[in-house]
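Presented below is the structure to which this report refers.
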Amino acid sequence: KFLSHIREVDAIVHVVRCFVNDDIVHVEGSIDPKRDIETINLELILSDMEVLDRRIEKTQKMLKADKKYQEELDFFKRVREALDEGKSARSVECTPEEAELLSTVSLLTNKPVIYAANMSEAEFTEGIEGNPYLAQVQEIAAAEGAEVVPICARLEEEITDMTKEEKLMFLEELGLHESGLDRLIKASYALLGLISYLTAGKQEVRAWTITKGTKAPQAAG
C-alpha cells in the first residue's frame, strides 16, 4: 500500500543514516549506507517489475490488433531486462520519444531521487567532509545522477517548535545559514525544475509552484 501511494509523487527523498550512535540501534546491526540504499532500491525494483509486467501484458494484447505496438513492446521489454539486472528504470538510455513513453508507466525507479544523508549533530556542524558514510552516498548518487543533501534530523527536531527569530539565532550560533528542511525543499525544486511564482493583492500575497521557464501569462492562469 505504501509503494502504491508514493507512485503518485514526482520525486523520492531517500533518508540514509550516516552516523554512528550506540544508543540508536540499526535494524541490520551496523551502519552501511550502500547496503541500506541497495535494500530499498531492490524493494522498489521488485514493485516496478509487477507494474511493468502488467503494462507489457496489455501491450501484447494490443499488438495482436495493431502491429504498431511492436516498438513499444520491445522498449518495455528492454526496461524489464534492466530491472532484472538490478538496475533502475532511470538508468535505461532512452530517446525523447521513449522517455515520454516510459513516463506513462508509474515506475518508482524512474523518478528522480534526492538522498538525505542524516548525520550526527557534531559532524554536521563541525565538518561533514570527513564523514566516510556521506562519501559512500555521494558516490552512489553520482552514478545515478541523483542529488545528495546532508541533514541532521536531531537539529531539525530541535528547531521545529522555535519561532522564526529563535530558529535564525540558533542556526547562526551553529554557523548555519538555513535549516536542512529549507535546503531539502530548494534541492527538490531544482531537481524537478520548479520555481515559486508570487501574486499580490489587497488581501494576501501567495506563492504558486510553477515549472521553471513558464511565461507570466500562463503562470498567472
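The values are calculated or read from the model by the stated rules, or taken from the named source; none is laboratory data. Since we're looking at a predicted model, the values are computed, not measured. All Cβ positions, even for glycine, are placed from backbone atoms using ideal geometry, and neighbour counts span all protein chains on display. When the accessible area is computed, the model is the full protein with side chains, heavy atoms only, and any ligands, DNA or RNA have been set aside. Shrake-Rupley method; radii C 1.70, N 1.55, O 1.52, S 1.80 Å.
Overview of values
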| quantity | calculated |
| --- | --- |
| Cα-based reach from LYS68 at 19 Å (exclusive), listing lysines while leaving out same-chain residues under 8 positions away | LYS58, LYS77 |
| Loop-located trypsin sites (Lys or Arg not before Pro) in segment 63-106, at most 13 other Cβ atoms within 10 Å (DSSP) | none |
| Segment 88-133: GluC sites (Glu not before Pro) in DSSP loop, at most 14 other beta carbons within 10 Å | GLU93, GLU129 |
| Mean separation of Cα contacts under 8 Å (6+ apart) over length of the chain, as relative contact order % | 21 percent |
| ARG35/LYS186 FRET efficiency (R0 30 Å; Cβ-Cβ; nearest 0.05) | 0.55 |
| Alpha-carbon centroid distance for the pair segment 50-69 / segment 133-162, whole angstrom | 40 Å |
| Shape parameters for segment 140-179, alpha-carbon atoms, Rg then Dmax in Å | 13.5, 40 |
| Rounded D (µm²/s) - segment 51-97, Kirkwood Rh over Cα pairs, Stokes-Einstein at 4 °C, 1.567 mPa s | 116 µm²/s |
| Eligible lysines near LYS186 by straight Cα distance, threshold 26 Å, same-chain separation 8 or greater | LYS34, LYS111, LYS164, LYS167, LYS212, LYS215 |
| Most to least accessible of MET49, MET62, MET119 (protein chains only, probe 1.4 Å) | MET62, MET49, MET119 |
| Computed [θ] at 222 nm, helices only, for the chain once each DSSP H run of length n ≥ 4 contributes -39500 (n - 2.57) | -16000 deg cm²/dmol |
| Average projection area in nm² (convex hull over Cα atoms of segment 169-221, one quarter of hull surface) | 5.4 nm² |
| Solvent-accessible surface (1.4 angstrom probe) belonging to LEU198, in square angstrom, nearest 10 | 120 Å² |
| Whole-angstrom gap from segment 87-104 to segment 13-46, using each part's C-alpha centre | 27 Å |
| Point-charge dipole on Cβ atoms (K/R +1, D/E -1) for the chain, about Cα centre, debye to 20 | 1460 debye |
| Sum of side-chain charges, LYS87 neighbourhood, beta-carbon under 15 Å (Lys, Arg +1; Asp, Glu -1) | -3 |
| Residue-level accessible surface for ASP48, protein heavy atoms, 1.4 Å, Å² | 0 Å² |
| Debye log10 I(q)/I(0) at q = 0.13 Å⁻¹ for the chain, Cα point scatterers | -0.94 |
